[in-house]
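These notes are about the structure you will find just below.
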Amino acid sequence: YQRRVHGKQWYQRRVHGKQWYQRRVHGKQWYQRRVHGQVETGFKRSAKARAADAITVVTQLSVDRLPKLRIMAARWKGPISAAVYIGCDAKEQDIKTVREAWVDIEQFTQSALDISLLFEEAPRAGRDQYYPINNLRNLALEQAATAYVFLLDVDFVPSADLSALAKQHIALLATERHALVVPAFEVEAETAKVDDLTFATVAGQFNKAVTGFHTGHFPKGHRATDFNKWLQADAPYLVEYEEYFEPYVIMRRELVPRYDERFRGYGMNKIIHLLTLHVLGTQFTVLPKHFVAAAEHAKTKDWEKTFGKNRDPARKKYITELYKEARSGLWASAI
């Protein structure tokens, strides 16, 4: 059967009891994916031109994070493909807020922002209401229109001119499976604005007001980046993957696998994706002088439900077991 959503033609079908959608693109290409809620691709598309070698930031967010997207767009002078989660409670107001944010970014920044929407399903017994982070990442990735993508969370601000300077190293992605690692830092909330940071500031405040992202409580996440080496480096350098490594990377879009949509809410959702890259034989090369940074911020609702004072005791166990299952499946498929 088929129906129209916001004036656009959609095709839906059910396969083995699961809902899927199909959509024709440019009259030729078709794709399908599992749906968590209704999806609207191309809700807003920038009219700005995109260079052939442009790198698209691929990111996702809820409506309350739109100010973060605005800050990112002010620093990233290139395309951004963002997937926004629209809740049930204030759907029309949220859509209006997203539209207004897009207009502001389109008019007052040099970024070319494309936005797609994923709508929350109404709560019901037995339905997982955790934030569908990997569904959103896949949606944003699917809508990226350039050959190169930068997989980045919306809380992060790129260093000045990163969108242009990273292109100097794009040749490293021309052969084999490569991922360019952009080092990630965390800044104390009371320190200088994240979007004012320079390499000199990061170097001068390293291990003081500026630290490697989450290295205090989860060092394996970014330890392989080797921040001390980065501070001295003038050229890109290879690093060895270690389990739980979860850097932010630039890659050829065609070589980025889909995110595992079983992972929702907080915990292991990006780690399993980086493990997938490793199993596929990806080499990780760290870019010198470039970085992304995020200010300390309050924990999300899903973090609180998983690790907070009133956490669901079964949730952490579920995430741990799901990761073990996914990891075993990846290695089994590589044999």
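The values are calculated or read from the model by the stated rules, or taken from the named source; none is laboratory data. This one's a predicted model, so the numbers in the text were calculated from it and none came from an experiment. Don't worry about glycine lacking a Cβ; one is built from the backbone with ideal geometry, like all the others, and counts go over all protein chains shown. Please note that ligands, DNA and RNA were not included when accessible areas were found on the heavy atoms of the full protein model with its side chains. Shrake-Rupley method; radii C 1.70, N 1.55, O 1.52, S 1.80 Å.
Table for the structure above
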| quantity | calculated |
| --- | --- |
| Matching entry among LEU255, LEU277 (being open to solvent by less than 10 Å² (accessible area, probe 1.4 Å) and either among the β-branched types (Val, Ile, Thr) or more than 24 Å from TYR85 (Cβ to Cβ) (or both)) | LEU277 |
| Any hit, segment 297-305, residues being open to solvent by less than 50 Å² (accessible area, probe 1.4 Å) and of a type outside the set (Asp, Glu) | no |
| HIS169, sole failed condition from (1) within 27 Å of MET268 (Cβ to Cβ); (2) in a helix (DSSP H, G or I); (3) open to solvent by 30 Å² or more (accessible area, probe 1.4 Å) | (1) |
| Qualifying position, being among the polar types (S, T, N, Q) and within 22 Å of the chain's Cα centre (by Cα), among THR198, THR215 | THR215 |
| Segment 306-321, subset within 9 Å of GLY267 (Cβ to Cβ) and hydrophobic (A, V, I, L, M, F, W, C), residue surrounded by the most Cβ atoms within 10 Å (Cβ to Cβ) | ILE319 |
| Which listed residue is at pLDDT 95 or above and open to solvent by less than 50 Å² (accessible area, probe 1.4 Å), from GLU106, GLU100 | GLU106 |
| Among residues of segment 37-64, those that are under 19 Å from ASP153 (Cα atoms) and open to solvent by 50 Å² or more (accessible area, probe 1.4 Å), counted | 1 |
| Lone unmet requirement of (1) open to solvent by 30 Å² or more (accessible area, probe 1.4 Å); (2) part of a helix (DSSP H, G or I) for TRP230 | (1) |
